[in-house]
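The values are calculated or read from the model by the stated rules, or taken from the named source; none is laboratory data. Bear in mind that the values here come from a model prediction, so they are computed numbers and not experimental data. Cβ placement follows ideal geometry from the backbone for every residue including glycine, while neighbour counts extend to all protein chains displayed. In case anyone asks, the SASA skips ligands and DNA or RNA and just uses the protein heavy atoms, side chains included. Shrake-Rupley method; radii C 1.70, N 1.55, O 1.52, S 1.80 Å.
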Amino acid sequence: MLRKVLVALASALIFCLVLAWANYTPAGEREEGVYHWSYGSLVAIYLIYALPVYLLGGIPFAYLIEFAERKTGWKHPLAVYLFRFFAYALAGCFVMGLFVVVVSNGRSLSNAFASGGLLLLGGGAALLYGHVLLFSFWLVKGRKEWG
């Protein structure tokens, strides 16, 4: 459990750093008279939203994915990796859809599914979590499994 919480914290931070970098406007490109957020402010604002999603949505789905993977009985590392890759991507899309429903009080779900951008962002965030989890096992124990 502690590993999953630490991985969720690290994943949220990495995700928000990258998202803030993508949305940051450098000083040389800023328009006069228009307010622009600082990089640190963008990271902080994104963390306010991303951290609860990772902790409350990501960790339970990580346990669910591990349970489903054990039920398949697959032992080949590539099969396990591909299963978890697609499972995390789908879980991320689902959690992002749920997040949009909660934040918009049910009004923006059709827009999220129509554009698909938010769902892809959720899938990417979940894949980041899955890969940071995989890296944590390699880093700490040198194992190739995800358990």
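Close amide H partners of residue 36, meaning residues 5 or more places away or on another chain with modelled amide H under 5 Å apart, do not exist here.
For region 17-97, applying the loop criterion from DSSP together with a ceiling of 15 other beta carbons within 10 Å to the trypsin sites (Lys or Arg not before Pro) yields 30, 75. Shown for the chain are the DSSP H helices of 30 Å or more along their axis, judged by Cα atoms, with a mean Kyte-Doolittle hydropathy of at least -0.5: 2-23, 77-103, 117-141.
Residue 17 to residue 35: extension gain in nm, 0.36 nm per residue of separation minus the Cα-Cα distance?
Full extension from residue 17 to residue 35 adds 4.5 nm.
Across the options 18, 54, 103, the greatest Cα extent toward the positive end of the charge dipole of the chain (unit charges at beta carbon of Lys, Arg, Asp, Glu) belongs to 54.
For residue 79 and residue 48, a Förster radius of 41 Å and the Cβ-Cβ distance give a FRET efficiency of 0.60, rounded to the nearest 0.05. Shown are 138, 74, whose ranking by accessible area with a 1.4 Å probe and every protein chain present, most to least, is 138, 74.
For region 12-89, the relative contact order works out to 29 percent when only alpha carbon pairs closer than 8 Å and six or more residues apart are counted. Among 49, 54, 81, 63, the order of accessible area from largest down is 49, 63, 81, 54, computed with a 1.4 Å probe on protein heavy atoms. Among 103, 34, 43, the largest mean-square fluctuation in a Gaussian network model of the chain (Cα springs under 10 Å) belongs to 34.
Within the assembled protein chains, the solvent-accessible surface assigned to residue 38 is about 50 Å², based on a 1.4 Å probe. Among the lysines, which fall within straight-line cross-link reach of residue 141, defined as a Cα-Cα distance under 17 Å, with same-chain neighbours fewer than 8 residues apart omitted? Straight-distance partners of residue 141: 4. When 41, 11 are compared by accessible area of protein heavy atoms, the largest-first order is 41, 11, using a 1.4 Å probe. A Cβ-based charge dipole, computed about the Cα centre of the chain with Lys and Arg at +1 and Asp and Glu at -1, lands at about 760 debye.
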